[in-house]
Structure formats: structure tokens, C-alpha cells
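Engineer: Starting off with a structure, shown below.
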Amino acid sequence: MASPTVVIASLVFYSFIASFSVAANFYNDFDITWGDGRGQIVNNGELLTLSLDKASGSGFQSKNEYLFGKIDMQLKLVPGNSAGTVTAYYLSSKGSTWDEIDFEFLGNLSGDPYILHTNVFSQGKGNREQQFSLWFDPTVDFHTYSILWNPQGIIFSVDGTPIREFKNIESKGVPFPKAQPMRIYSSLWNADDWATRGGLVKTDWTHAPFTASYRNFNANACIWSSGSSSCPSNSPPSSTSSNSWLSQELDSSNQERLQWVQKNYMIYNYCTDTKRFPQGLPSECNTA
């Protein structure tokens, strides 16, 4: 196991690398879907902002649907007293047996850290929450939040550092999102009935409007359109091809970084919550 000094240096290095993402144009990739003007695309399409006030929040969705992808987005979260607010950034399909891959950022009182909430739904079943604190203030600058979703599994990363892995273990009877194309969604909304200390801390509307900002979207992904995928199906991805992410898994170095983050920054793991699952933990929790 690497020393904390080595791992922290690695986190700083990957944060530095992540800051050089290529700027995308939000006009090309996303639609503001609700909020009555509270969501805006500005700076010639290089920046998107969502705002929340007492009347309404706001949200957007991707123009494209994806069936597997490496999705990166830089976010700068609501600064100051953000208690009661939630910034959700996720992939989701539609229907009663939907699939979903979630980042949710739970606001907090000034000076207290955000909680990064993650979840995975497959065929309408979720309850797979893991929560983390972060090793930086996510309101001061932009940071890159990534989802790698391929047939082998799902990897959540922050500034290139993996924080969570959900493996495809369908062979053991655990459903995995693999057949339903998903859009990218994000929203900023009021959830003061549960978001901060279980709803004990309410949103202070004197600080409104609350604003989160987005930039540098990038998708190395299989676009789903008219019932077919943009990714070739007749040849497996190679390590040098543009779709090498389709076969990517965590190497030993990234497994070590994942374990270090989970040891030091994970604050909730459904796989250790025996009170919640008195009849036994979900089957994926018992898989090495």
C-alpha cells in the first residue's frame, strides 16, 4: 500500500491533468429542460449554469443517448451555505425498470464539507448507495467528475482518481445496466426534507439564488440512435484504439488508489449496513 504522501501527490497530479480537458460546446450537446430561465448556456457555449431559488430549480439533459461511455464533466458547486440543496449529475434511462448511474452532491452549512452521494440502479432496483467526503473544496474551482460505463463494470472517478467500482457480476445473478441507452441529466433542486443532516437543516433562502456551473464536457461513448450503436460491433477494442475504454478496467495502481480513497473518505457503504439489510447484505456485497 502506498503511503498517504504518495497517494496525495498522485491525487494532486491527476487533478492537474484533469484541468486541461478540451472545451466542449454545450449548445451542441445539451438542452436546458426546465427552470424557466434559471438554466443558461453562456460564453459562446463553453459554460452552463443552473440556478435555484425559492420558486424553482433547473435542469438539463443531453441531446444524445448513450449505451456505454466514458463521460467527463467539470463542475463547480454552490458555494457558501448550500444546506438543503442537491446538485444531481447522472445517467438514466426511462421506464419502470430503468437503469441509472448517479453522482449527487448534498449541500451543507458554510465550512462543512459537501457529501458526494453515489448510486447504481439496474432494472429499476437501486439501494446501492456509497457516500464520500472530498479531499478538496468543490465550490472553489472546477473539478472533473467521470463515469466509465462499459460491459465489465462502472467506475466513478474524481479528477481521475477512482472512488467507486461496480462490477458486472451478472453471472452471480446481479442485474447490470447493459441494454438500456441512457441520457446524461443534471439538476439543481431543493431537497431540504432530507439532504442535510436528514432534513434537520433547512435551506436558507436569503442566500438564493444558488448556482452550480459546468464546463469541459467530454464523451468517449457509443451514441445510440434509431436502434443501433455508433460503436463497431465486429471487432473488439484494442488498447490503442479510440474506444479502448470499452474494455478498460482498474489496473493495480488504480485499485490501490481506490482502496485508499475508500479507506479515508468513504462515510457510508450500503455493503456494511447490516441494520438496513437484516436478512443479509445484497449479493454483490459478498463478492470479492
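The values are calculated or read from the model by the stated rules, or taken from the named source; none is laboratory data. Since the structure is predicted, the reported quantities are computational estimates derived from the model, not experimental observations. Virtual Cβ from ideal backbone geometry, glycine too; neighbours counted across all protein chains shown.
Engineer: Residues Leu134, Leu116: which one is part of a strand (DSSP E or B) and closer than 26 Å to Trp260 by Cβ?
Structural biologist: Leu116
Engineer: Can you tell me which residue is nearest to the chain's Cα centre (by Cα) among those in region 195-221 that are among the charged types (D, E, K, R) and not in a helix (DSSP H, G or I)?
Structural biologist: Result: Arg215.
Engineer: In addition: Check Lys172 against each of (1) in contact with a strand residue (DSSP E or B) (Cβ under 9 Å, 6 or more places away or on another chain); (2) modelled with pLDDT under 95; (3) of a type in the set (D, E, K, R) and name the one condition it does not meet.
Structural biologist: (1)
Engineer: On to the next question. Looking at (1) part of a strand (DSSP E or B); (2) over 19 Å from the mean Cα position of the chain (by Cα); (3) at positive phi; (4) not aliphatic (A, V, I, L, M), can you tell me which one Gln40 breaks?
Structural biologist: (3)
Engineer: If only one of Phe103, Phe60, Phe30 is crowded, with 20+ Cβ neighbours inside 10 Å, within 20 Å of Gly160 (Cβ to Cβ), modelled with pLDDT of 90 or more and of a type outside the set (Ser, Thr, Tyr), which one is it?
Structural biologist: Unique residue meeting the criteria: Phe103.
Engineer: May I pose another question? Taking region 261-284, which residues are in contact with a Lys or Arg (Cβ under 9 Å, 6 or more places away or on another chain) and not charged (D, E, K, R)?
Structural biologist: If the condition is that a residue be in contact with a Lys or Arg (Cβ under 9 Å, 6 or more places away or on another chain) and not charged (D, E, K, R), then Val261, Gln262, Met266, Tyr270, Cys271, Pro282, Ser283 are the ones that fit.
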